[in-house]
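The values are calculated or read from the model by the stated rules, or taken from the named source; none is laboratory data. Not measured: the values here are computed from a predicted model. Methodologically, a virtual Cβ is constructed for each residue, glycine included, from the backbone with ideal geometry; neighbour enumeration extends over all protein chains shown. Surface accessibility is based on the protein's heavy atoms, side chains included, excluding ligands, DNA and RNA. Shrake-Rupley method; radii C 1.70, N 1.55, O 1.52, S 1.80 Å.
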Amino acid sequence: YKGQWFDIVEQKIDLGEGKIVSWEMFKSSDAVATIALDDNNNVYLGKEFKAAHKDFIYTIAAGVAEKQHSEETLKEQARKELREEFGFNAKKFEKLATVLHSGRSNPKWHIYLAREIYNDALDKDEGETIEVLKLPINKALKLLLSNKSHFVALLGILLVKEKLKL
C-alpha cells in the first residue's frame, strides 16, 4: 500500500538455516516532538481529537520531519511544530533522545526539550485544533498515565524528569 503519509511494504527476512519469513513493514518519515518547559517547571500538553482513537488524546508538539534531514533541520522542524501547535518558541532547544517507533516500522522519533520559552505563534495547520494545557511536570505525568496519551509525550516527560532530576 502506498499512501500520502506512509507505505506498507512486505519484506523477506532470512532468519538463518534456510528459514525465510515475510513481514509487513510500516514505512514513514521520521518525526520530531518537543516538551516545552517554563521557568517554574510547568510543561505544556496538547489535548487534540485523533480520528484513529475516536477520542481526545494528550500529546506534545510533534510532527513529521522532512525526508532529507540533518540534526539542524530536525531541530528547526521541532521548533516550527512548537510554534504552530502551541504558539511558543524557545531560546534553548536541546535534543533529549532519538527512539525507534517499533520493530515493524522504520520511523525514528527525535525528542527535544525547549526551555526559556516565549510566545511566538505561527498559523496552525488546516484542520488542527489543539487545546494547550499548562501543568506542573508531576501533574502532567499523572494526566498522561491516567488518560489516552501519545507515547512520545509520556516518554518526553520521563526524559525531562530524569535529565533535570525533577
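The rows are residues; the columns are (1) at pLDDT 95 or above; (2) small (Gly, Ala, Ser).
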{"residue": "34", "(1), (2)": "yes, no"}
{"residue": "61", "(1), (2)": "yes, yes"}
{"residue": "69", "(1), (2)": "no, no"}
{"residue": "94", "(1), (2)": "yes, no"}
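What number of residues within the stretch 56-69 are under 27 Å from residue 145 (Cβ atoms) and open to solvent by 80 Å² or more (accessible area, probe 1.4 Å)? Residues that pass the stated criteria total 1. Scan the stretch 12-26 and tell me whether some residue there is under 25 Å from residue 69 (Cα atoms) and in contact with a strand residue (DSSP E or B) (Cβ under 9 Å, 6 or more places away or on another chain). The answer is yes; a qualifying residue exists.
You will find that of 143, 166, 154, the residue that is open to solvent by less than 60 Å² (accessible area, probe 1.4 Å) and either touching a helix residue (DSSP H, G or I) at 6+ places or on another chain (Cβ under 7 Å) or without any contact (Cβ under 8 Å) to a residue 12 or more places away in the chain (or both) is 154 and no other.
Entry remark, the stretch 70-84: residues being closer than 14 Å to residue 30 by Cα, open to solvent by less than 50 Å² (accessible area, probe 1.4 Å) and touching a Phe, Trp or Tyr at 6+ places or on another chain (Cβ under 9 Å) number 2 in total.
Of the residues making up the stretch 100-108, none is free of Cβ contacts under 8 Å to residues at least 24 places away in the same chain, exposed (fewer than 13 other Cβ atoms within 10 Å of the Cβ) and of a type in the set (Lys, Arg). Within the stretch 23-55, being over 22 Å from residue 88 (Cα atoms), open to solvent by 60 Å² or more (accessible area, probe 1.4 Å) and in contact (Cβ under 8 Å) with a residue 12 or more places away in the chain holds for 23, 24, 26, 27, 53. Consider the stretch 1-22 and keep the residues that are touching an Asp or Glu at 6+ places or on another chain (Cβ under 6 Å) and open to solvent by 100 Å² or more (accessible area, probe 1.4 Å). The one that is farthest from residue 110 (Cα to Cα) is 20.
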